[in-house]
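Undergrad: What follows is a structure written as structure tokens; I'll ask about it next.
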Amino acid sequence: MVTYRYKTDLLIIEEKANNNDKEFIFKVKDVDTIVPALRKVRMFFDSDKIYTDVIFYSHPNHEYQVIVRQNYYIDFLLVLFKNKIIQCIEWK
């Protein structure tokens, strides 16, 4: 099992199963910090050759929905970590 931590004063992350995939909801509190970082994450996955690995949806009020295929879950978390959206990743 993998756990992660992030700064709750910057955003709220909700994660749940979506059939065989994972679904994340990012509720951004600090737009100036988190939105550019999320754009970098999206650009990273948009630039690869697999179009359905990570799918992004933008919603009103700086809320973002991301569907991640199960076999890209760890990759996604690592890219979030690289872009300082999450602060710590831990195997349990």
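The values are calculated or read from the model by the stated rules, or taken from the named source; none is laboratory data. It should be emphasised that the depicted structure is a prediction, and the values quoted were computed from it without experimental measurement. Backbone-built Cβ (ideal geometry, glycine too); neighbour counts: all protein chains shown. What goes into the accessible areas is simple: the full protein's heavy atoms, side chains included, and nothing from ligands, DNA or RNA. Shrake-Rupley method; radii C 1.70, N 1.55, O 1.52, S 1.80 Å.
Undergrad: Can you pull out the residues in segment 52-87 that are open to solvent by 100 Å² or more (accessible area, probe 1.4 Å) and touching a helix residue (DSSP H, G or I) at 6+ places or on another chain (Cβ under 9 Å)?
TA: Matches in segment 52-87: Lys82, Lys84.
Undergrad: Still on this structure, please answer the following. For segment 1-34: of the residues being charged (D, E, K, R) and touching a residue at least 60 places away in the same chain (Cβ under 8 Å), which is most open to solvent (accessible area, probe 1.4 Å)?
TA: Arg5
Undergrad: Here are some conditions: (1) open to solvent by 50 Å² or more (accessible area, probe 1.4 Å); (2) charged (D, E, K, R); (3) part of a strand (DSSP E or B). Lys40 meets all but one. Which one does it not meet?
TA: (3)
Undergrad: Let me ask something additional. What do you reckon, is Glu90 in contact with a Ser or Thr (Cβ under 6 Å, 6 or more places away or on another chain), open to solvent by 50 Å² or more (accessible area, probe 1.4 Å) and outside any helix (DSSP H, G or I)?
TA: Answer is yes for this residue.
Undergrad: Output the number of residues of segment 43-81 satisfying the condition of being in a helix (DSSP H, G or I) and aromatic (Phe, Trp, Tyr).
TA: Number of matching residues: 6.
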